[in-house]
Amino acid sequence: MATKDKVLQVIYSGIDAVNQVSAKEARLNKEPETALMGEAGKLDSLGLVNLIVAIEQKLEEEFDVTVNLADGQAMSLKDNPFATVSTLADYIAGILEQRKP
Amino acid sequence: MSVPVFKGAIISDFNAGNFEGCLKNSEDLPGVDPVLAPFGQVVPALLQDDFECWRNAPDFAVVWARPQSVIPSFARLLRYETVPADLLLSEVDAYWALLERAGARVKFLFVPTWTAPAHHREFGLLDLKAGVGPAHALMQMNLRLAEHCGKSPNIHLLNSQRWVEAAGRHAFNPKLWYMGKIAFGNDVFIEAAREVKAALRGLTGQSKKLVLVDLDDTLWGGIVGDLGWENIALGGHDAVGEAFADFQRTLKALTRRGVLLGIVSKNDEAVALEALRRHPEMVLRPEDFVGWRINWQDKAENILDLVRSLNLGLQSVVFIDDNPVERDRVREALPEVFVPEWPADTTLYESTLLSLRCFNAASITAEDAQRTRLYAAEGQREDLKRQLGSVEAWLKTLDVRVTVERLQPANLQRTTQLLNKTNQMNLTTRRMSEAELSEWAAGANRRLWTIRVADRFGDSGLTGIVSVESRAGLATIVDFVLSCRVMGRRVEEAMLHLAGEYARSQGARTLHARYVATEKNRPCLEFWQKSGFAAAEGALFSWDLSNPYPRPDTVTIEGKDA
């Protein structure tokens, strides 16, 4: 759980970066239940790219790991990890868990 | 009163949506409402007058294209082909012709310099070699663009290399490019947005004009009243002393581009001035300051008093103080004054000052370099005023001379600068580029004069503008602009006399002036209310030209265009 909390903070800093360039109505709340993609999500394609890049950069700084969140595997999963902030945090925490020595 | 929002157009060969977002969301003034042209359409957007981004009549445009997409020879260099320099530069010239065409559609056109593509690092020793090196070519290309911009009054080159450096390793990200066709990281766009806004402030008269500094631990290290001037930290072979000396040098450099310096400090005045005069490594001497309030009074009150005595507005002031309590006090009492956060680390003073982005100017005139001297002369005038008691007696001794000239190429730059910088004595506060002003003044039934003011203390230079448009018996004063440096010396009445005599010569029966209120031009309204013109509807002033508007007897009007 400690890892997921840390990952949530990373995602929130990514949301800050996205909000910095987004119109007011498209800004995301920093909450686990915030919908990202899909019908309820506010992220457009530009916002998604910004979020992915911001999170990847932050993960590198915080965890010293290089993660590719835009690979085909993530996008093709039955349960899209980009549905909400919480599902994305679970997905990233899972990747970090696998990377543990 | 609402703050003006500038309409903009962004034209780029890459997806500049994030740059648009930074411009819109940045809290820096002025507000900006940009329209983003579809990316990859640089040449059609520059060529076609009816392209969508121009439809909203933008005030400014940013044209940001990567060099490999608009200069074909540069793309060839990236493929290791050899390209003659003259071919490369001829393509830059052709691109410039497009920019010039677009420049005619807006007041201000901003062009970020070309930077090297991030992934082209393999050129190594060849990078700066003539004919094959992209870095060498980019220097030539940017220089050529800068030379063209130097001849254009409204197209400005912005140094994007600084944005890239500020963003560091996040300046570029291949994923942004391949997933979004975004050429730069957001840190670059944030810097770019700040720079564009600073440029807009500079070009529309919103730059800061006066820096007020504290003394102890701001201009030098330590408390001079406790240590004595011999023992303060300044210069010498000491990191802290050197940092203070460099900070002073940078402040002094600002005075050469027209920024004024003043002191507001809680200190004993005699002790502080002795330090400024006698310390061997003091860079700033008393004569470098246009005024000071060195006492134990409240700093906000001292700032207000000093700024009023200089005839400046609080919005043109920056206050620098190492003490956070004093900064908070001034922020709270005088919210119009810009009080930057100041680092505790003295070695950061100089770089903090240089990063403020509030002194932007499109050009430096000879008058800018002498502004401190001009204000010092103003101080002498004020002293005389105090000695003589009555304003009329003071004006008689001043020997004010007004020299009148029509607008011409030799005074166009200074006149435009004055029109765009003057806030207080400005009837309509219309802002125009050199080309627009020149074109307007050349129109039928119009006359625009520039006003130079001198007196026995010195020449204040070109400090006034008055223009008249006459039609069917009615003459209208369109511009009535006077620098705060010469306000209150009856130059205002001399300008009205000039306008009135011209209007009478054109057969006009009435002379009108319509005051347009802004946040800052209340002094102008106060003058017009006392001008003798009849006021109607609050803001429309009129003079019956069957009587000439009297020439002030304390002012001599000279010049062949008078």
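The values are calculated or read from the model by the stated rules, or taken from the named source; none is laboratory data. Everything quoted here is computed from the prediction, not taken from an experiment. Cβ sites come from the backbone with ideal geometry, for glycine too, and all protein chains shown count toward neighbours. Note: areas computed on protein heavy atoms with side chains; ligands, DNA, RNA excluded. Shrake-Rupley method; radii C 1.70, N 1.55, O 1.52, S 1.80 Å.
For B:ILE294, are the conditions met, namely being at pLDDT 90 or above, within 26 Å of B:GLU519 (Cβ to Cβ) and either surrounded by 16 or more Cβ atoms within 10 Å (Cβ to Cβ) or of a type in the set (Gly, Ala, Ser) (or both)?
no
Say whether the condition of being open to solvent by 60 Å² or more (accessible area, probe 1.4 Å), within 14 Å of chain A (Cβ to nearest Cβ) and not aromatic (Phe, Trp, Tyr) is met by at least one residue in segment B:2-22.
No; the residues of segment B:2-22 include none that is open to solvent by 60 Å² or more (accessible area, probe 1.4 Å), within 14 Å of chain A (Cβ to nearest Cβ) and not aromatic (Phe, Trp, Tyr).
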- Task: Looking only at segment B:315-351, count how many residues are open to solvent by 30 Å² or more (accessible area, probe 1.4 Å) and among the aromatic types (Phe, Trp, Tyr).
- Result: 1
- Message: Take the residues in segment B:149-159 that are open to solvent by 40 Å² or more (accessible area, probe 1.4 Å) and in contact with a helix residue (DSSP H, G or I) (Cβ under 7 Å, 6 or more places away or on another chain); name whichever of them is nearest to the other protein chains (Cβ to nearest Cβ).
- Response: B:LEU157
- Tell me which of these B:GLY185 doesn't satisfy, since it passes every other one: (1) facing chain A (nearest Cβ under 10 Å); (2) touching a residue at least 40 places away in the same chain (Cβ under 8 Å). (2)
- Quick one: how many residues across segment A:35-58 are in contact with an Asp or Glu (Cβ under 9 Å, 6 or more places away or on another chain) and facing chain B (nearest Cβ under 9 Å)? 1
- Note on the structure: Turns out the strands (runs of 3 or more DSSP E) fully within segment B:484-550 with at least 2 residues that are among the hydrophobic types (A, V, I, L, M, F, W, C) and surrounded by fewer than 19 Cβ atoms within 10 Å (Cβ to Cβ) are B:534-536
- Item | Cross-chain or 6+ apart pairs with Cβ under 7 Å, segment B:470-494 first and over 25 Å from B:LEU260 (Cα atoms), then of a type in the set (D, E, K, R) and outside any loop (DSSP other than H, G, I, E, B) | B:THR476/B:GLU469; B:VAL478/B:GLU469
- Please verify whether segment B:133-141 includes one or more residues that are open to solvent by 50 Å² or more (accessible area, probe 1.4 Å), within 14 Å of chain A (Cβ to nearest Cβ) and under 18 Å from B:THR115 (Cα atoms). no
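Hand me the list of helices (runs of 4 or more DSSP H) wholly inside segment B:383-454 holding 1 or more residues that are among the aromatic types (Phe, Trp, Tyr). Lay out the reasoning, then the answer.
Working: elements: B:391-398, B:409-421, B:434-441.
Output list reads B:391-398, B:434-441.
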- Task: Give segment B:64-94 a look and list any residue that's open to solvent by 10 Å² or more (accessible area, probe 1.4 Å) and of a type in the set (Ser, Thr, Tyr), or say none.
- Result: B:SER69, B:TYR80, B:THR82, B:SER90
- Only one residue in B:GLU81, B:GLU27 is part of a loop (DSSP other than H, G, I, E, B), within 14 Å of chain A (Cβ to nearest Cβ) and free of Cβ contacts under 8 Å to residues at least 24 places away in the same chain, so which one is that? B:GLU27
- Only one of (1) over 24 Å from B:ALA61 (Cα atoms); (2) open to solvent by 30 Å² or more (accessible area, probe 1.4 Å); (3) of a type outside the set (Val, Ile, Thr); (4) in contact (Cβ under 8 Å) with a residue 40 or more places away in the chain fails for B:ARG101. Which number is that? (1)
- Inter-residue pairs, beta-carbon under 6 Å, first over 13 Å from B:SER265 (Cβ atoms) and in segment B:293-315, second assigned to a loop (DSSP other than H, G, I, E, B) and among the β-branched types (Val, Ile, Thr), 6+ apart: B:LEU314/B:VAL337
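Give me the residue from segment A:54-66 that is surrounded by 15 or more Cβ atoms within 10 Å (Cβ to Cβ) and in contact (Cβ under 8 Å) with a residue 12 or more places away in the chain and, out of that set, nearest to the chain's Cα centre (by Cα).
Taking segment A:54-66 and keeping what is surrounded by 15 or more Cβ atoms within 10 Å (Cβ to Cβ), we get A:54-59, A:63.
Next, only the ones that are in contact (Cβ under 8 Å) with a residue 12 or more places away in the chain stay: A:54-56, A:58-59, A:63.
Working: A:ALA54: 9, A:ILE55: 6, A:GLU56: 9, A:LYS58: 10, A:LEU59: 10, A:PHE63: 15 Å.
This residue is A:ILE55.
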- Which residues, counting only those in segment B:104-132, are open to solvent by 30 Å² or more (accessible area, probe 1.4 Å), assigned to a loop (DSSP other than H, G, I, E, B) and among the hydrophobic types (A, V, I, L, M, F, W, C)? B:ALA104, B:ALA116, B:LEU128, B:ALA130, B:VAL132
- Message: Can you tell me which of (1) away from chain A (no Cβ under 14 Å); (2) under 27 Å from A:ALA17 (Cα atoms) is the one B:LEU36 doesn't meet?
- Response: (1)
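State whether the residues of segment B:112-129 include one that is touching a strand residue (DSSP E or B) at 6+ places or on another chain (Cβ under 9 Å) and not basic (Lys, Arg). Show your work before the answer.
Just the residues of segment B:112-129 that are touching a strand residue (DSSP E or B) at 6+ places or on another chain (Cβ under 9 Å), to begin with: B:112-113.
With not basic (Lys, Arg) added as a condition, the list becomes B:112-113.
Scanning segment B:112-129, I find at least one residue that is touching a strand residue (DSSP E or B) at 6+ places or on another chain (Cβ under 9 Å) and not basic (Lys, Arg), so the answer is yes.
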- Task: State which residue is nearest to B:LEU437 (Cα to Cα) when the search covers only segment B:177-198 and only residues that are open to solvent by 10 Å² or more (accessible area, probe 1.4 Å) and aliphatic (A, V, I, L, M).
- Result: B:ILE190
- Within segment B:160-169, is there a residue that is without any contact (Cβ under 8 Å) to a residue 12 or more places away in the chain and within 14 Å of chain A (Cβ to nearest Cβ)? yes
- Does any residue in segment A:3-21 that is within 14 Å of chain B (Cβ to nearest Cβ) come within less than 7 Å, Cβ to Cβ, of a residue that is open to solvent by 40 Å² or more (accessible area, probe 1.4 Å) and outside any helix (DSSP H, G or I) six or more places away or on a different chain, and which pairs are these? A:ILE15/A:LYS30; A:ASN19/A:ARG27
- Task: Might you check whether a residue that is within 21 Å of the chain's Cα centre (by Cα) and among the small types (Gly, Ala, Ser) occurs anywhere in segment B:304-311?
- Result: no
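Given the criteria farther than 30 Å from B:LYS520 by Cα and under 30 Å from the mean Cα position of the chain (by Cα), does B:ILE71 qualify?
Numbers: farther than 30 Å from B:LYS520 by Cα: yes; under 30 Å from the mean Cα position of the chain (by Cα): no.
It is false that B:ILE71 is farther than 30 Å from B:LYS520 by Cα and under 30 Å from the mean Cα position of the chain (by Cα).
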- Item | Within segment A:22-34, tally of residues that are of a type in the set (Ser, Thr, Tyr) and more than 10 Å from chain B (Cβ to nearest Cβ) | 1
- Task: Return a yes/no flag: does segment A:33-40 have any residue that is at pLDDT 90 or above, open to solvent by 60 Å² or more (accessible area, probe 1.4 Å), touching a Ser or Thr at 6+ places or on another chain (Cβ under 9 Å) and part of a loop (DSSP other than H, G, I, E, B).
- Result: yes
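Could you count how many residues in segment B:448-499 are among the small types (Gly, Ala, Ser), closer than 22 Å to B:GLU367 by Cα and in contact with a helix residue (DSSP H, G or I) (Cβ under 7 Å, 6 or more places away or on another chain)? Steps first, please.
To start, the set of residues in segment B:448-499 that are among the small types (Gly, Ala, Ser) comprises B:454, B:458, B:460-461, B:464, B:467, B:470, B:472-473, B:475, B:483, B:488, B:494, B:499.
Pick out the ones that are also closer than 22 Å to B:GLU367 by Cα and you get B:454, B:458, B:460-461, B:464, B:483, B:488.
Subsequent filtering for residues that are in contact with a helix residue (DSSP H, G or I) (Cβ under 7 Å, 6 or more places away or on another chain) retains B:458, B:460-461, B:464, B:483.
Residues in segment B:448-499 being among the small types (Gly, Ala, Ser), closer than 22 Å to B:GLU367 by Cα and in contact with a helix residue (DSSP H, G or I) (Cβ under 7 Å, 6 or more places away or on another chain): 5 in total.
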